[in-house]
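A quick write-up on the structure given underneath.
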Amino acid sequence: MWKDLDISLEKAVSMKDMPAEENLGFGRYFTDHMFLMEWNRDRGWNNAKISPYTSFSMDPASTVLHYGQAIFEGLKAYRGKDDQIFLFRPEDNFKRMNKAAVRMSMPRFPVDQMLKALKGLVYLDRRWVPSAQGASLYVRPTMIGVDPFLGLKPADNYLFYIIMSPVGAYYAEGFSPTRISVCTDYVRAVKGGVGDVKTAGNYAASMLASEQAVERGCTQVLWLDACERRYVEEVGTSNIFFFINDKLITPPLSGSILGGITRDSVIKLAQSWDIEVEERPVAIAEVLEASQSGTLQESFATGTAAVISPVGELLYQDVSYQINKGETGPLAVRLYEELQAIQYGRKKDPFGWRVTVG
Ligand code: COI
């Protein structure tokens, strides 16, 4: 179906200074190189190259700038023992991106060849993969429509690129419990919309609610469903889990939430430990009642950027509900440690999630 992509390589003449690993933060620094390729309706994917990281110019009328034809992914590369570099489930990210491409009327791309390109890029910039515990190289594949045309229709020209950034913890709290505000004023997505794909507009639309949550002293928002504002959906940019009565419960992938790869990994790990997992609608009332009755043992968010982020407190209509006395629970710790041990190559990978680079 796809012609083999010819990927040209232009190496950077001078290399950037690397930031200190203790001060990476999230998404502030970028590596020496990037991957780029173009698509147009006549030629398909073409002009694939790895080149020095640089800004690019774009026509002010470009589709992405007006109608938001933009999709992206987030995955990570990890430095393991003997400086081996691993990617975590990269094919799943590329498959999810292709699903988003279909939903946003954008072209799909060959997953196997993107994996080859990504491995080449990560290998070339391997000095940027941090070695500090918990730090990693965040990889951001992105696709945008670039037609210089203001009529509303899918673009005929696209740019696909991959940039990479060495990162530490996403939230300032690190692996400490977060305080989350349940959002009742706005919704993130509606079934049949685009909430189940990683398109830029979802993130723009979430910013006001997130800002208001921060004003209330919270880290993020917990979104409720768009129709009844009754069922839990996602937390910020991550999936959400509740551990109630020894059952791990998470909302189902029913069209308005993103199918997180960390979410799927957590479900599979928990099941492999004989923990009962339920993917089902979770009413916010059930969560709050469980918090009050003491049956809500833990809650945590999962995502590539945030990994596992424990929730210590929920704020709902100005009432605070503590979870596990505001402390990180043992299941969150176990999942975090196991996931990281697999990601950094310290443990066997029974699920075949790890991909070795170079
Ligand atoms: C990720 O977890 O990779 C994301 O895309 C979230 C982003 C807002 C950092």
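The values are calculated or read from the model by the stated rules, or taken from the named source; none is laboratory data. Not measured: the values here are computed from a predicted model. When we count neighbours, we look across all protein chains shown, and the Cβ atoms used for this are built from the backbone with ideal geometry, even at glycine. Calculation scope for accessible area: heavy atoms of the full protein, side chains included, ligands and nucleic acids excluded. Shrake-Rupley method; radii C 1.70, N 1.55, O 1.52, S 1.80 Å.
Before moving on, here are some points about what is shown:
- Region 281-330 and region 1-69: distance between their alpha carbon centers, rounded to Å: 39
- Counted charge near TYR67, where neighbours are those whose Cβ lies closer than 11 Å (Asp, Glu -1; Lys, Arg +1): 0
- Largest GNM mean-square fluctuation among ILE240, ILE275, ILE308, using the chain with Cα springs under 10 Å: ILE275.
- Residue pairs exceeding 18 angstrom between C-alpha atoms, taken from LYS116/LYS348; LYS49/LYS116; LYS99/LYS119; LYS95/LYS198; LYS119/LYS198; LYS99/LYS198: LYS116/LYS348; LYS99/LYS119; LYS119/LYS198.
- Top of GLU21, GLU278, GLU215 by mean-square fluctuation, Gaussian network on the chain, Cα under 10 Å: GLU215
- Computed magnitude of the charge dipole of the chain (debye, nearest 20; Cβ of K, R +1, Cβ of D, E -1): 880
- Inter-centroid distance (Cα atoms) of region 195-218 relative to region 137-168, Å: 20
- Region 2-167, dipole about Cα centre (Lys/Arg Cβ +1, Asp/Glu Cβ -1), debye to the nearest 20: 420
- In whole angstrom, region 148-226 maps to an equivalent ellipsoid with semi-axes of 29, 20, 11, each derived as √(5λ) from the alpha carbon gyration tensor and ordered largest first.
- With protein chains left intact and a 1.4 Å probe, residues in the chain average 45 Å² of accessible area per residue.
- Spherically averaged projected area in nm², based on the convex hull that wraps the Cα atoms of region 199-345: 8.9
- Nearest-ten-degree value, helix 111-124 long axis tilted from longest Cα axis of the chain: 80
- Computed from phi, the 3J(HN,Hα) profile of region 84-97 under the Karplus parametrisation 6.51, -1.76, 1.60 (θ = phi - 60°) reads 6, 10, 10, 9, 10, 6, x, 5, 5, 5, 5, 5, 5, 5 Hz, with x in place of Gly and Pro.
- Loop chymotrypsin sites (Phe, Trp or Tyr not before Pro), region 1-64 (other Cβ atoms within 10 Å of the site Cβ: 13 or fewer; DSSP): TRP2, PHE56
- By the helix-only formula, in which each DSSP H run with n ≥ 4 contributes -39500 (n - 2.57) and the sum is divided by residues, the chain has a 222 nm mean residue ellipticity of -7500 deg cm²/dmol.
- Accessible area per residue was computed with a 1.4 Å probe on protein heavy atoms; GLU234 scores about 10 Å².
- Overall Cα dimensions of region 2-167, principal axis frame, Å, largest first: 51, 31, 28
- The chain - percent of accessible surface contributed by carbon and sulfur, probe 1.4 Å: 49
- Projecting the Cα atoms of LEU314, LEU115, PHE94 onto the charge dipole of the chain (Cβ charges, centred on the Cα centre) puts LEU115 farthest toward the positive pole.
- log₁₀ of I(q)/I(0) at q = 0.09, 0.10, 0.15 Å⁻¹ - the chain, Debye sum with one point per alpha carbon: -0.52, -0.64, -1.37
- Summed side-chain charge close to LEU224 - residues other than LEU224 whose Cβ falls under 13 Å, Lys, Arg +1, Asp, Glu -1: -3
- Most fluctuating residue given options THR328, THR295, THR304, as computed from a GNM of the chain linking Cα atoms under 10 Å: THR295
- MET104 sits with roughly 40 Å² accessible to a 1.4 Å probe, with DNA, RNA and ligands left out of the calculation.
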